[in-house]
Structure formats: C-alpha cells, structure tokens
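Before any comments, here is the structure.
The values are calculated or read from the model by the stated rules, or taken from the named source; none is laboratory data. None of the values given here were measured: they were computed from a predicted structure. Here the Cβ positions follow ideal geometry from the backbone for every residue, glycine too, while neighbour counts run over all protein chains shown. To get the accessible areas, we keep the full protein, side chains included, count just its heavy atoms, and leave off ligands, DNA and RNA. Shrake-Rupley method; radii C 1.70, N 1.55, O 1.52, S 1.80 Å.
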Amino acid sequence: MQISLSISTSNIPCFLKPQEPTSEFSSKLSFSTARRVGGGGGGGGGLKISLGNHDSALFALKGSGLLSSMGRVIEEEEKYRKARAEVQRKGIDLKGYLIEGVSIGGHETCIVVPRLNAAFDIGKCPSRAIHQDFLFITHGHLDHIGGLPMYVATRGLYSLKPPTIFVPPCIKEDVEKLFDLYRSMGQVDLELDLVALDVGETYEIRNDLVVRPFKTDHVIPSQGYVLYSVRKKLKMQYKHLQGKKLEKLKHSGVEITDIMLSPELAFTGDTTSEFLLNPRSADALRAKVLITEATFLDDEISVEQAREHGHTHLYELMEHAQWIRNEAILLTHFSSRYKIEDIREAVLKLQPKVSGKVVALTEGFKSMYS
C-alpha cells in the first residue's frame, strides 16, 4: 500500500531546531509499506506502517496531528472508492428485476427491464434498450421520446421484429406524423406497432403479463404504467371437486378459474405528487417495484416550484410516505444540479419513512470526488 501525505513545514514539531534546514526533512512523507502483524488467525492483529528512514520520528509526529491527518486521507480515499463504484454500477436488482438505464431530469430518461422485455421512455437510444420488444412512452417531451426514431431504425438494422410501442392516445397521431417524416427524409422503412393505450385500459403483453396505464400529472398530458403478472386461481365453488370432475367441467366449456392480477412493476415518468393521493393509482403504490421521479431534493427548489414544473419533490414523497406500500422504490429523474452524494443523502432521508427498500438510479451523475 502506497500512501502519500503532504504536510506544511509549519506543522513540523519542535524536535527540528530552527537553524536546521527543513529541506533535509522532506515535506512529503511516503509511507511505503504496510503489513498485518500479530493476532494470528483470530483477526486481532494490527497494521504496521513503515516510514522508511523516518521510523524514529513517528512518536514525535503523533503530537503534530499527522496521524489524524493520515486517517482523514484514508477516509476520503474510501469515500472516493465507493463513489467511483456507484458511478460504474450498470444495473440494480430489485425483487428479482434487474433494472438498467439512465434518468437525468431535462436530459434523458430510459429505463430498461430485461425480464419484462421492456423499456420505459427513450430520451436517447441506449444500446441496452434496442433489444427490448416493448416500449412504453409516458409523454411527449424530448428527453423522454427523442430517441424513438433511432430505436425503431436500429431494430430494423439488426433485423429484429418491429417493436410494440405504447403511447398516450393524445400523441399517437403526432408520433405517426413523426415517423412519416423520417420515412420520407431517409427513404427507409420504419416498421413498428403503435398502440394508443388509455388510462384504465388493459393490454396483454403475453399470457402471463398485462399492462394498464394510470393517470399522472405533468405540464403536458402524461401517464404511467403498471405491469401485472397473471395467474389463474380455482373458483371457490369448485375447490371440493377432484381432478377428473374438474377436467370434465373444463372440457364442457365451464370457466372453473378466476383471473388474478398482481401488480409487479410501476413506472410514473414525469409527474407531480398528485398520483400518490389518487385512489386510482393504488396499484402503482402496491406493486413490488415502484420507479418514480424525485427531481428536486433540497430547499434550493421549493415544493411549490416543483409542482409548477410538473415534478415531484423529495419532501412530498416523505410527506405522503404512508401511501407508498411497495417492496422496493427506485428514485429517478434527479436534476443535473445534484451529485451522487446529494442523491445518496436523499435516499437516507426517505428510507425511514417507507417500509420498502429505497434505491436511487445514479448512472450519468457525477461524484463530488470525480
């Protein structure tokens, strides 16, 4: 282990005589070796640091504050290491769902959930989104929809099947015009299945997975999405019957099961906190995983200002935390003014207020140590 520590010569203790040139005692001490000593296999050993030719000065340096400075340097180095690891992390595993992507307020949002074969919004076109067959668009702002033509074109380039893209009904016509324009300019085929799915409607993605939009509140029309797992449960009146009798009923055309929907994952996109208080958003707030925005985190932007811009403030999530019953909450869409350390502090503030695990998507954000 190599630790270098710069100290001012004014801090050198009085064991150096005034007439002695301080250049003989380097103002930069290099702690060149460190090894574990003592303790055997019990883990009780200490760490011995060798100062090369300066071993004799160690005890004199204790009183100078050098060792405490060393401790601070090591602590800062550890913080930096953790911050870099946070920046480099490429996915978050929540309740069995690996969630990838980037979401920086006003710049770009694209959330990818490979297990669902789905992406949510596409401000730009990250490579990891291209292989998802289903894309859910929450609203028409460019940082959430700007990468749409490239997503479709790149899938065509890779000979992937045309994607299914869900949009609020109010923007379907404009999206169709957008693709017509790109087809005309590029003289290319851009194939897609564009679905206008309104709040409260249900679409079957596969036989065990359906999606329903729910109302959100932004400065332009917007909606979130809840994805549900589907399972069948034997109806109560048939539970006393044995296998052959059940089979006979089934073959005769009698429906012997009820369809059970369990909310798995909800994505809000941009919204104020109003969705937290809307009874029709209850499924979003009890899904296993909630992916929601928290654009503003501190007093520099007030709750009122956040609402004016159609966004949610951390303080509102804390205020209405009793309604958040998800097993995991992924916070996204932070303003670019924040550093990773600010975001991590916000997570620590919210965590005691909710029962579920709180995590933040920090890809694309900088650390104060970078």
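If the condition is being part of a helix (DSSP H, G or I) and open to solvent by 20 Å² or more (accessible area, probe 1.4 Å), then the stretch 348-370 contributes LEU348, LYS349, GLN351, PRO352, LYS353.
Answer yes or no as to whether ILE291 is among the β-branched types (Val, Ile, Thr) and over 19 Å from the mean Cα position of the chain (by Cα). Considered against the rule, which asks whether it is among the β-branched types (Val, Ile, Thr) and over 19 Å from the mean Cα position of the chain (by Cα), ILE291 comes out as no. Name the residues in the stretch 121-144 that are in contact with a Gly (Cβ under 7 Å, 6 or more places away or on another chain) and open to solvent by less than 20 Å² (accessible area, probe 1.4 Å), would you? Scanning the stretch 121-144 gives ASP121, ILE122, GLY123, THR138, HIS139, HIS144. Counting only helices (runs of 4 or more DSSP H) that fall entirely inside the stretch 51-152 and contain at least 1 residues that are within 23 Å of HIS333 (Cα to Cα) and modelled with pLDDT under 95, the qualifying elements are 66-88, 127-130. Summed over the stretch 118-146, the residues that are free of Cβ contacts under 8 Å to residues at least 40 places away in the same chain and touching a strand residue (DSSP E or B) at 6+ places or on another chain (Cβ under 7 Å) give a count of 12. Scanning the stretch 218-245 for residues that are outside any strand (DSSP E or B), touching a residue at least 24 places away in the same chain (Cβ under 8 Å) and either of a type in the set (Val, Ile, Thr) or exposed (fewer than 12 other Cβ atoms within 10 Å of the Cβ) (or both) returns VAL219, ILE220.
All of GLU204, GLU176 fail the test of being part of a helix (DSSP H, G or I) and without any contact (Cβ under 8 Å) to a residue 60 or more places away in the chain, apart from GLU176.
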